[in-house]
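Peer 1: One structure, pasted below without further comment.
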Amino acid sequence: ALRKARRQEQLVSKRLLREDTAAEEAGQDGAENVPDPLSEDEVLELLRGMQRGSGDRKRSLGRLRWALQNKETQQKFVRLDGSIRTLIGLFTSSLADMQMEAARCLHELSHSSDPAVAEACLPVTSYLLTYLSGHSVEFTELCLYTLGNLVVESEAVRKQLLPQGIIPVLASCIQSPHEAVLEGLGYVLSQLLQAKEAPTEIIPLVLDSVLPQHMLQLVCSGLKAGIGAAVEFAWCLHYIICSHTANAALLSLGALPALTSLLLDLASEIPQDAADGLELLVCPVVRCLSNLLAEETGCEIQIQDERLLIALFLILQCFLQQHPFIIQECLWLLNNLTADEPFFCSALLSLDLLPALLQLLPCSQMVSVLVLTVLCNIAEKGPAYCQQLHQQLALPLLLPTLALPDPKVVGQCLELLHLLFLHWPEAAADFVRQGGHRALEQHQSTPELQERARAL
C-alpha cells in the first residue's frame, strides 16, 4: 500500500508497530483479528485498573493495548475524563515495563483515523520528544512512529511540536547508530515535510539544522547502512527539493554528484533478479536528480558522465517487468538530461542505447510519450543528430506508433517527425517510401492532430 501511495504521490501514511504478543497477553487467539468494541463500563473498568496497584496496572494496560485496536473503543477511551492523563502518568513513570506498555497504548491511539483521537493525544507530544533519547532502541522507535502518526493527522499537533523544538530534537537523533531509530526518524521527517505549511514553516528550520547534510550522507551510504533508512531520507530530500526553496542549499552540499554516484552504485549492485525493496530507493533518488536538473540551469554540465546513462538503462532493463513504474521515473530523468545539454544526446547515440530506448515505445501511454520526448530532445539538436536517428532505423518503429488511437502519443510522434524532416530531409523521403503518408492521412480528421498531420 505504501509503495502504491508513493507512486501516486499520496505519500502521507500511518505506520503501526505491533507485536503478536499483544493478543496473547490479552488472552486472544491472534493479533490479526480486530477485537470487538468494549462497552463504556468495560473501558471504565480498564481505566480504574490502570489507576490501581502495579499488578493490576500492567494487566489492564495489556488488555487496553489490545482493545484500542478497535476504533469505537479508542473513541470511548479518549472521551473518559482523566484517561489520557492516566496514560501519560504511566508513560512517564520510572518503571520501564509499565512505560513501554503505556507507549504501546499511545501508539495504538496515534494510528486512529479519527482526528478527535489525535487531538486528545496533544498533551503527550512534549514527553514523546523528551523520550527520543530513551533507554532502549525499541522504546525510541515506538516514540518516533507515534509522533509520525500524530503529525499526519493533525495540524494542531504540528503547530504544537514546532515551538517545542521537534526539528532540533530530530537533528540530534540523526547521529544514532541504530538503523531502526534512523528509519523511524526518516518517517517522522517525511510526514512533516509533506504538511501544507512545510515550505514556509518547516523546511526553513530543517535547512538551518544539520539534517540535510546527514540525510544526504545516509542516503548515499544506503547500501551499507541499511536500505530502510536510506529510502525514508531519500523521500525527505525529494520533498525538500520539490518545495523549490532549498535547491541551492542542497547543491552546495554536493547533492548532485553524491546522488549521481549513488545511482551508479545502485546500478552496479542490481542483480538479474533485483533484491526486493531496491526499487524503493531507486525511485526517490532518480526523482531527486530529475528535479534538481529541472530547477537549476547548468546542472547538466556538472554531471557530464556517460556512466549515468548506462546506469539508467541497466535499471530500466532490470525493473521493466516487475516494477514498471520505475521506467517512467528513469525516462523523466533522461528527458531532463537531454533537454538542453548536447553531451547526453551524443552519448546516448554513441553508446548505441537508442535501440534499447525504442524498445520501450509499446510499454504504456506515458512511457511512449516520454520516449518520444527524449527523441525530440535529440532531434532538436540539429542535422547531425537527426541523421543518426534516421540511420539507426528510428522510422520503422515510428510508423506503428502513428497507427495508435492515443492522440497524446501520436501528437508527440508528429512533433518528432517534424524535427526529423526539418533537419534531415532524407528522412522525409524515406518516410514516404515506407508508406508513412498514408498513416498521416488517417489523422487529418482528428481535431487535435489534423493541423500538424497536414503540415507534415
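The values are calculated or read from the model by the stated rules, or taken from the named source; none is laboratory data. Because the structure is a prediction, the values reported are computed rather than measured. Cβ atoms come from the backbone with ideal geometry, glycine included; neighbour counts cover every protein chain shown. Accessible surface areas use protein heavy atoms only, side chains included; no ligands, DNA or RNA. Shrake-Rupley method; radii C 1.70, N 1.55, O 1.52, S 1.80 Å.
Peer 1: Say the dipole of the chain comes from +1 at the beta carbon of Lys and Arg and -1 at that of Asp and Glu; which of PRO324, SER154, PHE139 then lies farthest toward its positive end?
Peer 2: With unit charges placed on the Cβ atoms, the residue in question is SER154.
Peer 1: For the chain, compute the number of Lys pairs whose alpha carbons are separated by less than 20 Å, excluding pairs fewer than 8 positions apart on the same chain.
Peer 2: For the chain, the number of qualifying lysine pairs is 5.
Peer 1: With +1 on each Lys and Arg Cβ and -1 on each Asp and Glu Cβ, how big is the dipole of segment 53-134 about its Cα centre, in debye rounded to the nearest 20? Could the numbers behind the result be given before it?
Peer 2: On the way: 10 positive and 8 negative charges, 42 e Å.
Approximately 200 debye in magnitude.
Peer 1: Averaging sequence separations of C-alpha pairs under 8 Å and six or more residues apart, then dividing by the length of the chain, give the relative contact order as a whole percent.
Peer 2: Details: 538 pairs, mean separation 35.9, N = 456.
Computed over the chain, the figure is 8 percent.
Peer 1: Here's another thing I want to ask about it. By average Cβ neighbour count within 10 Å, what is the ranking of 319-325, 303-309 from highest down?
Peer 2: On the way: 319-325: 15.0, 303-309: 16.9.
Ranked from most to least packed, the peptides come out as 303-309, 319-325.
Peer 1: Now for a different question. For the chain, what is the calculated [θ] at 222 nm in deg cm²/dmol (nearest 500), taking -39500 (n - 2.57) for each run of four or more DSSP H residues and dividing by its residue count?
Peer 2: On the way: 32 runs with 318 residues, N = 456.
One gets -20500 deg cm²/dmol as the mean residue ellipticity at 222 nm.
Peer 1: Taking the Cα centroid of segment 398-451 and of segment 178-248, what is the distance between the two, rounded to the nearest whole Å?
Peer 2: 45
Peer 1: Compute the acute angle (0 to 90°) between the alpha-carbon long axis of helix 365-379 and the principal axis of greatest extent of the alpha-carbon atoms of the chain; round to the nearest 10°.
Peer 2: Taking the Cα atoms of the chain, the angle to 365-379 is about 50 degrees.
Peer 1: While we're here: Provide the net charge surrounding HIS111, with neighbours chosen by a C-beta distance below 13 Å and charges set as Lys +1, Arg +1, Asp -1, Glu -1. Numbers along the way, then the final one.
Peer 2: Details: positive: LYS14, ARG15, ARG18, ARG65, LYS71, ARG104; negative: GLU108, ASP114, GLU153.
Value of the local net charge: +3.
Peer 1: Which value, in debye to the nearest 20, gives the size of the charge dipole of segment 33-178 about its Cα centre, when Lys and Arg are +1 and Asp and Glu are -1 at the Cβ?
Peer 2: The dipole of segment 33-178 has a size of about 320 debye.
Peer 1: For segment 420-437, take each phi angle, set θ = phi - 60°, evaluate the Karplus expression 6.51 cos²θ - 1.76 cosθ + 1.60, and give the result in whole Hz per residue in order, putting x for glycine and proline.
Peer 2: Residue by residue, segment 420-437 yields 4, 5, 5, 8, 9, x, 4, 5, 5, 5, 5, 4, 5, 4, 8, x, x, 4 Hz.
Peer 1: P(r) for the chain: what percent of alpha-carbon pairs falls in each 10 Å bin, starting at zero?
Peer 2: 4, 18, 23, 19, 15, 11, 7, 3, 1, 0
Peer 1: Something else now. Suppose every Lys and Arg Cβ carries +1 and every Asp and Glu Cβ carries -1, with no other charges. What dipole size does the chain come out with about its Cα centre, to the nearest 20 debye?
Peer 2: Values: 31 positive and 52 negative charges, 82 e Å.
That gives a dipole near 400 debye.
Peer 1: Tell me the relative contact order for segment 80-131 as a rounded percent, counting alpha carbon contacts under 8 Å between residues six or more apart. Could the numbers behind the result be given before it?
Peer 2: On the way: 26 pairs, mean separation 14.1, N = 52.
Reported as a whole number, the value is 27 percent.
Peer 1: Rolling a 1.4 angstrom probe over the protein heavy atoms, how many square angstrom per residue are accessible across the chain? Don't skip to the end; give the middle numbers.
Peer 2: Numbers: 19640 Å² over 456 residues.
Using a 1.4 Å probe on heavy atoms only, each residue of the chain averages 43 Å².
Peer 1: In the chain, what percent of the accessible surface is made up of carbon and sulfur (1.4 Å probe, ligands and nucleic acids excluded)?
Peer 2: On the way: 9910 of 19640 Å².
Accessible surface attributable to carbon and sulfur in the chain totals 50 percent.
Peer 1: Next up: Between the helical axis of 179-193 and the dominant principal axis of the chain, each derived from Cα atoms, what acute angle in degrees is found, rounded to the nearest 10?
Peer 2: 70
Peer 1: Between the helical axis of 306-319 and the dominant principal axis of the chain, each derived from Cα atoms, what acute angle in degrees is found, rounded to the nearest 10?
Peer 2: The angle comes out near 70 degrees.
Peer 1: How would you order 182-191, 236-245, 164-173 from highest to lowest mean count of nearby Cβ atoms within 10 Å? Present the calculation step by step, with values, prior to reporting the outcome.
Peer 2: Values: 182-191: 26.8, 236-245: 21.4, 164-173: 18.2.
The peptides rank, most packed first, as 182-191, 236-245, 164-173.
Peer 1: Right, something else. Determine the sum of side-chain charges near GLY134: Lys and Arg each +1, Asp and Glu each -1, restricted to other residues whose C-beta is under 15 angstrom from that of GLY134. Provide the component values of the computation, followed by the final result.
Peer 2: On the way: positive: ARG104; negative: ASP97, GLU101, GLU138, GLU141.
Counting the neighbours of GLY134, the net charge comes to -3.
Peer 1: Using the Cα centre of the chain as origin and beta-carbon charges of +1 (Lys, Arg) and -1 (Asp, Glu), tell me which of PRO37, ALA439, LEU334 is placed farthest towards the positive end of the dipole.
Peer 2: PRO37
Peer 1: Which order do the peptides 355-362, 261-268 come out in when sorted by mean C-beta neighbours inside 10 angstrom, highest first? Can you show the working numbers first?
Peer 2: Details: 355-362: 16.1, 261-268: 18.9.
Packing proxy ranking, top to bottom: 261-268, 355-362.
Peer 1: Now a separate question. Quick one: 3J(HN,Hα) in Hz for segment 442-456, Karplus 6.51/-1.76/1.60 with θ = phi - 60°, rounded, Gly and Pro as x.
Peer 2: So the J values, rounded to whole Hz, are 5, 9, 6, 9, 8, x, 6, 10, 4, 5, 5, 4, 5, 4, 5.
Peer 1: Also, quick follow-up: I'd like the Karplus ³J(HN,Hα) series for segment 120-134: coefficients 6.51, -1.76, 1.60, θ = phi - 60°, whole numbers in Hz, and an x wherever there's a Gly or Pro.
Peer 2: My calculation for segment 120-134 gives 5, 7, 3, x, 8, 4, 5, 6, 4, 5, 4, 7, 5, 9, x Hz in order.
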